[in-house]
Amino acid sequence: SQTIHQWPATLVQPVGSPLSLECTVEGTSNPNLYWYRQAAGRGLQLLFYSVGIGQISSEVPQNLSASRPQDRQFILSSKKLLLSDSGFYLCAWELAGDLDTQYFGPGTRLTVL
Amino acid sequence: QKEVEQNSGPLSVPEGAIASLNCTYSDRGSQSFFWYRQYSGKSPELIMSIYSNGDKEDGRFTAQLNKASQYVSLLIRDSQPSDSATYLCAVTLISSGSARQLTFGSGTQLTVLP
């Protein structure tokens, strides 16, 4: 069976500090991978998606970036965090061709102070 | 504009009642429709998917889709306190490449009263 991991689970960072969030998927090959952000009391906002190693599409221009160095690894980064970057960051995976069904990881709760 | 709208609630129903959650979407190109359940502080959990007009039943859950009216709903029969959560409606659109874009509504908060 497939599992998806995210770490860290929670993170408190000062404004201007860098960020690296990691997501890994087990039990499948060549998944589509997604990063979402959920602000408090809000819906999910798609940030990035990837259909393969090194292939990243950005949905929202901002100070975040994403990379996919391995088939089942997806990383979200920032060089300098803003207060507005606080939120619940969710990674999701989808088996390509599986009728768009996405499954979410446990999430990382980021607080920028 | 791509948009998914849900009543934000909160929606309260007594235990054992039917909870009805509604969702409308703006893009007629939407092809896949999902309901996710999100407990407070947790990540969304997929509970139902539907792709064609009509009803789809899974246990106590029934999803209903009407593409002509651009409307999708979720019925929860015999509601239990454990069903208390925020329910997110999501629809997909064809995007560039092979990845689809899930567009989410802001969610409806459901409380089932014992």
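Throughout, read-outs are computed from the coordinates displayed, never taken from laboratory work. Because the structure is predicted, anything quoted here is derived from the model rather than measured. Cβ: placed from backbone, ideal geometry, glycine included. Neighbour counts: every protein chain shown.
Structure notes:
- Phi angles of region A:76-82 translate, via the Karplus equation with coefficients 6.51, -1.76, 1.60 and θ = phi - 60°, into HN-Hα couplings of 10, 9, 8, 7, 9, 6, 10 Hz per residue; Gly and Pro are given as x.
- Along region B:17-25 the Karplus relation, 6.51 cos²θ - 1.76 cosθ + 1.60 evaluated at θ = phi - 60°, assigns HN-Hα couplings of 7, 8, 9, 10, 10, 10, 8, 10, 9 Hz to successive residues, with x for each Gly and Pro.
- All alpha carbon pair distances within chain A were sorted into 10 Å bins beginning at 0; the resulting P(r) in whole percents reads 15, 50, 29, 6, 0.
- In region B:22-64, the ratio of gyration radius to Kirkwood radius, Rg to Rh, stands at 1.00 when only Cα atoms are counted.
- For B:Cys23, residues with placed amide H under 5 Å, excluding near neighbours: B:Val72
- Derived scalar couplings ³J(HN,Hα) [region A:50-58; Karplus, 6.51 cos²θ - 1.76 cosθ + 1.60; whole Hz; x for Gly, Pro]: 9, 9, x, 4, x, 9, 10, 10, 9
- Region A:71-113 - Debye-derived log10 I(q)/I(0), Cα point model, q = 0.14, 0.16 Å⁻¹: -0.45, -0.56
- Charge dipole (the protein assembly as shown, unit charges on Cβ, about Cα centre) - positive-most of A:Thr108, A:Ala66, B:Gln31: A:Ala66
- Here's how it looks for B:Ser106: its modeled amide H is under 5 Å from those of B:Gln6, which are all 5 or more places away or on a different chain.
- A straight line joining the Cα centroids of region A:1-64 and region B:1-34 runs 25 Å.
- Rounded if a/c under 1.5, otherwise prolate or oblate - region B:36-114, Cα gyration tensor axes: oblate
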